[in-house]
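Peer 1: Submitted below is the structure of interest, expressed as structure tokens.
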């Protein structure tokens, strides 16, 4: 077991800490959070101790650091950890500003810098199986792609100003998924967006509903559908259309129980949110982190993938604002 | 087009007359029913004239007769029509008494006697496709069979005493289906039955719920599940289990619309009753009747199949009454 | 029964003539087609006689005319029939040129002119049920709409130059569906299109794959996905997203049989093409035509709906060509 | 955390030990198995030490014992552990002989004896949800029950003679499920069984295929379907039929990926075996064990449930042998 530490004891921090503690290859020794009660509660829950960033950086036994702190400090913390030779698991986004990322490129991509930016869709076993079967040629060449990513209910309005906006906060996952499945760059982006769900989101200058079109250099097309409120759970679907057919991932349901009565057949709801829908993905991320620390592989998603997705998010925001397509 | 007549203008008579009138090979010329208003209404609906059994028997232009009158006169009418050389389409059951059937065997099976007893399940395109795929060996040798046949709601109590009881009235279809799909005789029958749905059915000496086990000489096993009231529509399913897998027919739904909301995913109900569920089967029966009149084929189900299903119905009733298995 | 005639004995003509002949309220008396053998064969099949446009126009007993001739003569024939006071059922499109339609507006919309332009999606019972449930408020206010309309295989290349292009020939249905379901105009259109399926289509100056975005004045968004070749059948789905959930129409399957084996659960294919998928819609169209002739209702889709859909098709083609959104 | 030990390091032992080690309330300190390499390997895997039954019995810090040893020693080990006041988690069956169980009844049910016999179906979240919804009255009064329990492939022939036969080894789960869901005793059992799958099973005097009927005192009926080889995975379904509808549990699938091509829509296979299908149930069992040790509840399944299921298994075997129903 290798000793690791975690920065951040919030919502994502809880998920990652529990998974790290349960991972047989990792010893989650330290939790860091400026919110002392949160840090202590999480540390107690997972059998770790509260510590500080400085102490962790100085502790040569700490081989890896999970960064689950607020977005604003992700990049700075990642750079500090990488500078001490620690393997970094950084919750997405690494940063909201592509310019700042590019300014740090040398450090983030230096030989020996092991930086994993966690895009959970790639670690979901259903999506990964679709990706494998696509690559195995089950439907011939991929032509077009539909990604539906609908949140169950809008975030608190106070979150919006710090979120980076719909495209950097939420669609960013779908941009990464599209790039991953298309195995190709995106050359053009167009967006129709609106505020249909929550007026406070519009008042904060953001949108809550979007349909995004992507085009690749070879002519592949992708559609991304987003909403901040579905009314029926956390809808996460992919349809890939190819020469010889269609590969799709449907939503897992919370239960295999169904009720048939006069009104029809009522299947159980889909998963209510990301924590349950991507529970397996988060565990797989932690396993990938253990692999990275042990030197078994390179990060599946790091600086390059982060910058690519962020670039699409900026292009999407620009298209939504200007009403025109954006060529990359 | 060949001229045909129909005896009976009740519920099944309406279905058959409309299908006969729409069949491009059949000219439904006459409707016969002692209930004059019913006969006239149906004749008007399908462009036929009201007539009498005697006139029809005497009319050499009438090549075929559809018998959809009350069960009690089926056999007698069928014999009269066959005696005049007419092709007969007899709604099931041909008779409720196997002894009377056997007494008429010579006439019913005489060379040149064309008697089709309509068992609708064999003409349903879904069940027929299952039968074809079973015979094509898609799951290897058939081992066991589950038939679910649940009525949406119980018949009027007044019908029970004339029905022949659950096994002759309702399960008879499932016995025929089992014999058809197993391609083998049945050597043993056992039944658990109960009156759980409608006390008036019990008071009339009948049961409304049954689980029937069948065993074939080679050891194949079948289960039939019946109820007179499902609470969720007309449930008609088959599962066939073989060496290499499972072939099944699920219930078609009344619509392809589905609603997803907080409570789950609500699919449309299954078909509400036999008239809609077996609409295609009834049309296919009429086509088969046209084939028979034109001499293109032999009846798919006639005396032999009727007697076999009826024998199982009697065995089932005996098992339910005695509590013991019945060997055949 | 009212006497009607049909112009055109081709592929769509066959479908409509059979339905007209089977409709109890219509007497399909005449078939007209310059291709004499085709006219005679169809007339024989449906019990009609071959005639000429002139004779039909002059025959005051002919109350209605079904126009299923080549697109190029639709408008001219419709005008001639309307001028004689006949009720017109015109297979879509009425014309490929909005200018020509507008030039004929006075005649097409004159008081007493009964012109039904057959957009089949509105008569499909599944889509209609979705529309009804949407209007009944089952998911609250409609926000966005996804329409998937994928052809099983591309048309013969020779058809492309006369087709009007993908948007006027194929997407036209989806534009009408979107307008119908959104109950609102479209204010902006954007398209990504490509030729990914059949190079001959590209050589003829057309596209075979498209993703279309629509925006309404109130901010509703719609996505239409088209391809000329799915590899898995005729994919016709709708998803409507609203405040409180999702209403969707899935593809009916050709059979309710399923096979479970080592490779998984194989459900039957979806419908192979429009003739089977929309068989019920075509019958419902003919029923609507009978209603029109009998004066029971106004046409559900006529000049206004035709022009609206055609305008979107032109806007889509313009967007595809210019790469810019088109405002209406 | 409370200290526990486990007897048995075989197939089920591996599952339970991993779950015990991952349970935050349990400290799995000792593994006992006469097969020393197996004991050591498992102990190493879960961070425990190898010990002996004697040492464990003598160690007052060991509050609970998981018994996952061969069936033949279950009862004896359970009695020894209970005698020392330890809470016992015994993998099913507690014993194959109802007489021996009854002889030990006083010890097994003594005040203070905490004996949990692990019937995994009751701990599956899907089945439990069905049970809850049944009790909540969603379909009114329960009338009949269908349980399908089909193994993917037969056990090694060498296992058969020690298994107790199909009914005690495999159907025992379904008997317990039926008793649990019906909330009622069973008054009569009838079985059709056969050896259709694996001749070696028949040569060992056992059957591999069975259809079992159960009847309760109030007339409720249940059907259990078993086979030792499905050809399509581990089929574990329940259908409950009531006054107002049907509640069912379908098989979860190994993935949410589906492929649509010319042959249809291929859904992913169902779970391949009990270890993956009941993974959540085994974890829930361990949680229940922790609850028991902490005194938070009584065992959900103990001596009474074990004896009831075993009695049905013996009745089923008797019915299969005699060909007659068995009344209880």
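The values are calculated or read from the model by the stated rules, or taken from the named source; none is laboratory data. Owing to the predicted nature of the structure, the values given are computational and were not obtained by experimental measurement. Here the Cβ positions follow ideal geometry from the backbone for every residue, glycine too, while neighbour counts run over all protein chains shown.
Peer 1: Go through (1) farther than 25 Å from residue A:18 by Cβ; (2) modelled with pLDDT of 95 or more for residue D:71 and report which single condition fails.
Peer 2: (2)
Peer 1: Right, next: Tell me which residues, restricted to segment B:51-80, are over 25 Å from the mean Cα position of the chain (by Cα) and surrounded by fewer than 19 Cβ atoms within 10 Å (Cβ to Cβ).
Peer 2: Residues satisfying the conditions are B:52, B:54, B:55, B:57, B:58, B:59, B:60, B:61.
Peer 1: Sticking with this one: Restricting to segment B:299-323, give me the number of residues that are touching a residue at least 12 places away in the same chain (Cβ under 8 Å) and part of a loop (DSSP other than H, G, I, E, B).
Peer 2: 4
Peer 1: Next up: Among the residues of segment B:18-38, which ones are out of contact with any strand residue (DSSP E or B) (no Cβ under 8 Å at 6 or more places or on another chain), surrounded by 18 or more Cβ atoms within 10 Å (Cβ to Cβ) and farther than 12 Å from residue B:290 by Cα?
Peer 2: B:18
Peer 1: Do we find a residue being under 25 Å from residue B:243 (Cα atoms) and either in contact with a helix residue (DSSP H, G or I) (Cβ under 9 Å, 6 or more places away or on another chain) or within 14 Å of chain A (Cβ to nearest Cβ) (or both) anywhere in segment D:297-304?
Peer 2: Restricting attention to segment D:297-304, the residues satisfying the condition of being under 25 Å from residue B:243 (Cα atoms) are none.
No; the residues of segment D:297-304 include none that is under 25 Å from residue B:243 (Cα atoms) and either in contact with a helix residue (DSSP H, G or I) (Cβ under 9 Å, 6 or more places away or on another chain) or within 14 Å of chain A (Cβ to nearest Cβ) (or both).
Peer 1: Here's a follow-up. Looking at residue D:263 and the list (1) touching a helix residue (DSSP H, G or I) at 6+ places or on another chain (Cβ under 9 Å); (2) over 18 Å from residue D:180 (Cα atoms), which single condition is not satisfied?
Peer 2: With respect to (1) touching a helix residue (DSSP H, G or I) at 6+ places or on another chain (Cβ under 9 Å); (2) over 18 Å from residue D:180 (Cα atoms), residue D:263 is out only on (1).
Peer 1: When the residues of segment A:182-217 are narrowed to those that are facing another protein chain (nearest Cβ under 9 Å) and surrounded by fewer than 20 Cβ atoms within 10 Å (Cβ to Cβ), which ends up nearest to residue A:140 (Cα to Cα)?
Peer 2: A:188
Peer 1: Moving on. Just checking, does segment C:123-136 include any residue being away from chain B (no Cβ under 14 Å) and either surrounded by fewer than 21 Cβ atoms within 10 Å (Cβ to Cβ) or out of contact with any strand residue (DSSP E or B) (no Cβ under 7 Å at 6 or more places or on another chain) (or both)?
Peer 2: First, pick out the residues of segment C:123-136 that are away from chain B (no Cβ under 14 Å): C:123.
After this cut, where a residue has to be either surrounded by fewer than 21 Cβ atoms within 10 Å (Cβ to Cβ) or out of contact with any strand residue (DSSP E or B) (no Cβ under 7 Å at 6 or more places or on another chain) (or both) as well, the list is C:123.
Yes, there is a match, as at least one residue in segment C:123-136 is away from chain B (no Cβ under 14 Å) and either surrounded by fewer than 21 Cβ atoms within 10 Å (Cβ to Cβ) or out of contact with any strand residue (DSSP E or B) (no Cβ under 7 Å at 6 or more places or on another chain) (or both).
Peer 1: Something else now. Would you confirm whether any residue within segment C:246-254 is assigned by TED's automatic domain parsing to the domain that holds residue C:168, in a strand (DSSP E or B) and in contact with a helix residue (DSSP H, G or I) (Cβ under 7 Å, 6 or more places away or on another chain)?
Peer 2: Residues of segment C:246-254 that are assigned by TED's automatic domain parsing to the domain that holds residue C:168, as a first pass: C:246-254.
This time we only want the ones that are in a strand (DSSP E or B), so: C:246-249, C:253.
Pick out the ones that are also in contact with a helix residue (DSSP H, G or I) (Cβ under 7 Å, 6 or more places away or on another chain) and you get C:247, C:249.
Checked against the condition, which is being assigned by TED's automatic domain parsing to the domain that holds residue C:168, in a strand (DSSP E or B) and in contact with a helix residue (DSSP H, G or I) (Cβ under 7 Å, 6 or more places away or on another chain), segment C:246-254 yields at least one hit.
Peer 1: Go through (1) within 12 Å of another protein chain (Cβ to nearest Cβ); (2) surrounded by fewer than 16 Cβ atoms within 10 Å (Cβ to Cβ); (3) closer than 16 Å to residue A:273 by Cα one by one and return the number of the condition residue A:156 breaks.
Peer 2: Against the list (1) within 12 Å of another protein chain (Cβ to nearest Cβ); (2) surrounded by fewer than 16 Cβ atoms within 10 Å (Cβ to Cβ); (3) closer than 16 Å to residue A:273 by Cα, residue A:156 comes up short only on (1).
Peer 1: If I filter segment D:265-281 down to residues being touching a residue at least 24 places away in the same chain (Cβ under 8 Å), within 14 Å of chain C (Cβ to nearest Cβ) and crowded, with 16+ Cβ neighbours inside 10 Å, which single residue comes out as farthest from residue A:245 (Cα to Cα)?
Peer 2: Going through the qualifying residues, I end up with D:271.
Peer 1: Continuing with the same structure: So which of D:69, D:60 is under 21 Å from residue D:10 (Cα atoms), part of a loop (DSSP other than H, G, I, E, B) and more than 14 Å from chain A (Cβ to nearest Cβ)? Walk me through how you get there before you give the answer.
Peer 2: Values: D:60 fails: under 21 Å from residue D:10 (Cα atoms).
On inspection, the qualifying residue turns out to be D:69.
Peer 1: Restricting to segment B:280-297, name every residue that is under 16 Å from residue B:65 (Cα atoms) and not in a helix (DSSP H, G or I).
Peer 2: If the condition is that a residue be under 16 Å from residue B:65 (Cα atoms) and not in a helix (DSSP H, G or I), then B:294, B:295 are the ones that fit.
Peer 1: Let me ask something additional. Hey, among D:244, D:237, D:229, which residue is surrounded by fewer than 22 Cβ atoms within 10 Å (Cβ to Cβ), within 14 Å of chain C (Cβ to nearest Cβ) and over 18 Å from the mean Cα position of the chain (by Cα)? Steps first, please.
Peer 2: Numbers: D:244 fails: within 14 Å of chain C (Cβ to nearest Cβ); D:237 fails: over 18 Å from the mean Cα position of the chain (by Cα).
Only one candidate qualifies: D:229.
Peer 1: Ok, one more. Would you check if there is a residue in segment B:164-181 being farther than 15 Å from residue B:312 by Cα and surrounded by fewer than 21 Cβ atoms within 10 Å (Cβ to Cβ)?
Peer 2: So far as segment B:164-181 goes, no, none of its residues is farther than 15 Å from residue B:312 by Cα and surrounded by fewer than 21 Cβ atoms within 10 Å (Cβ to Cβ).
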